[in-house]
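Peer 1: I'd like to ask some things about the structure below.
The values are calculated or read from the model by the stated rules, or taken from the named source; none is laboratory data. Just so it is clear, the structure is predicted and the values come from calculations on it, not from any experiment. Every residue, glycine among them, receives a Cβ derived from its backbone with ideal geometry; neighbour counts consider all protein chains shown.
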Amino acid sequence: MLKNYIENVFEKYDTDKNGVLDAQEMMAFFNDLYKNMGTENTINIEQAKAAIQSIDTNNDGNVDRAELFAAFKQLMAAYLFDHYLEISPCKTSFSINSNNSSISNHKCNR
Ligand SMILES: [Ca+2]
Ligand SMILES: [Ca+2]
């Protein structure tokens with residue numbers, strides 16, 4: 001389901017057909033997404049670049065299918081947690097501090 005969606009996104013927004021979304025293409029994608037959600041929000045090229053940076057795991061400056069897939073999975077998980085289960089994933093994750101071997105609850109910074 002999500003995979004098909006990702007394919008459609010690339011079909012539509014990867015306008016130069018090089019298999020990755022660059023900042024221009026991401027900007028078009030996000031702005032259409034906002035329009036479909038009925039919000040007046042738009043993002044500019046700088047915001048598109050920042051968005052790419054946050055999901056660009058191999059740091060090539062572009063978003064490939066796997067990166068977009070991972071980003072959407074995270075987004076949807078966060079959304080589901082927030083809206084349906086009313087617990088945020090960041091509230092339920094713990095980390096072990098190797099310095100003093102304490103276990104700390106992650107603070108939600110969203
Ligand atoms: Ca492209
Ligand atoms: Ca990349």
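Peer 1: Residue under question is Ala50, and the condition is that it be within 15 Å of ligand 2 (Cβ to nearest atom), modelled with pLDDT under 95 and surrounded by 16 or more Cβ atoms within 10 Å (Cβ to Cβ); does it hold?
Peer 2: No, not satisfied.
Peer 1: Do you know which residues across the range 11-30 are part of a helix (DSSP H, G or I) and of a type in the set (Lys, Arg)? Write out each step before concluding.
Peer 2: Our first condition is that a residue be part of a helix (DSSP H, G or I); within the range 11-30, this holds for 11-13, 23-30.
Residue satisfying the conditions is Lys12 alone.
Peer 1: Another question, if that's okay. Just one of (1) within 16 Å of the chain's Cα centre (by Cα); (2) in a helix (DSSP H, G or I); (3) within 16 Å of ligand 2 (Cβ to nearest atom); (4) not hydroxyl-bearing (Ser, Thr, Tyr) trips up Gly61, so point out which.
Peer 2: Just one mismatch for Gly61, condition (2).
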